[in-house]
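The values are calculated or read from the model by the stated rules, or taken from the named source; none is laboratory data. Model, not experiment: these values are computed from the prediction. Glycine also receives a Cβ, built like all others from the backbone with ideal geometry; neighbour counts cover every protein chain displayed. Accessible surface is based on the protein model in full, side chains and every heavy atom, while ligands, DNA and RNA are left aside. Shrake-Rupley method; radii C 1.70, N 1.55, O 1.52, S 1.80 Å.
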Amino acid sequence: MIEKEALEYLSELAQEAASKKIIKTEAGIEYSIDGQGDLTQLRPSNGVRNALALHTLSGVVDYVKNNAERQTARLILHIVNETHVELLNSLDQYDNRETLIKSDAIVPDISFDNFIAAEQLIIILQSQFVNTSDREILMKVLGNLKEENVKNASDDGVSQAVTVKTGVASAGDVRVPNPVELQPYRTFAEIEQPTSKFIFRMHDGMRGALIESDGGYWRNDAIQRIKEYFEKELKTEIGSKYIRIIA
């Protein structure tokens, strides 16, 4: 049985709807008039309800090149950030803009700025970073560390020198470069991963940390590389003004 409060709520909705009227101008534009005489233009959406969900740049290119659904449209390729790209239709008569595709890069969640166990940091460097010379140096240092090496580390505030095992029964001092230049997987796989600088620090307990030190400039680099990728792959479509890139 419907409660009294529910009946009152439905009654209020009915009264509100009855007080509104829809008028249509000669130009075909519809307005809603409420009980106070205020006009609100109705802007129905004629686009797709749900944009296609992709995770690659190549998928966006394939859609643009083989698209038969919007051949008469002027499309916009919006590079929102280093991990998100949207393909948009042109404005309709109601100033709505249809979103055709949303592509989100699949990237690992890398633990920056936190001190973690050396063994875990080695795994992260191997699996979530591009192979570079600085990455190899860090892995060599981390792979040959012992607890007493970290406690006896030489630290001038900029770089650290730790003693690592260099042979079966020998040891040597290795100065860890700072900052180090690394390429984590942080954007779409189709482009070269941006290089950025990190401060590498060691603490007691066999723990190390990578602290980002480029002020986030790598994001601008990634966005520019995504734009260049699309400019190369969609050269014909851009030349014919079928599509425009915004970054």
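What the table below lists for this structure:
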| read-out | value |
| --- | --- |
| Any hit, the stretch 189-198, residues being open to solvent by 20 Å² or more (accessible area, probe 1.4 Å), touching a Pro at 6+ places or on another chain (Cβ under 8 Å), modelled with pLDDT of 90 or more and not in a helix (DSSP H, G or I) | yes |
| Residue that is modelled with the lowest pLDDT, among those in the stretch 118-137 that are in contact with a strand residue (DSSP E or B) (Cβ under 6 Å, 6 or more places away or on another chain) and farther than 30 Å from Val85 by Cα | Ala118 |
| Enumeration of residues in the stretch 211-235 that are among the hydrophobic types (A, V, I, L, M, F, W, C) and either more than 27 Å from Leu121 (Cβ to Cβ) or in a helix (DSSP H, G or I) (or both) | Trp218, Ala222, Ile223, Ile226, Phe230, Leu234 |
| Residue match in the stretch 94-102 (condition: at positive phi and open to solvent by 40 Å² or more (accessible area, probe 1.4 Å)) | yes |
| Residue list for the stretch 103-127, filter: open to solvent by less than 20 Å² (accessible area, probe 1.4 Å) and among the polar types (S, T, N, Q) | Ser103 |
| Any pair with Cβ under 7 angstrom, 6 or more apart, that starts in the stretch 51-62 at a residue that is part of a strand (DSSP E or B) and at pLDDT below 95 and ends at one that is open to solvent by less than 40 Å² (accessible area, probe 1.4 Å) and among the hydrophobic types (A, V, I, L, M, F, W, C) | Leu52/Leu100; Leu52/Ile101 |
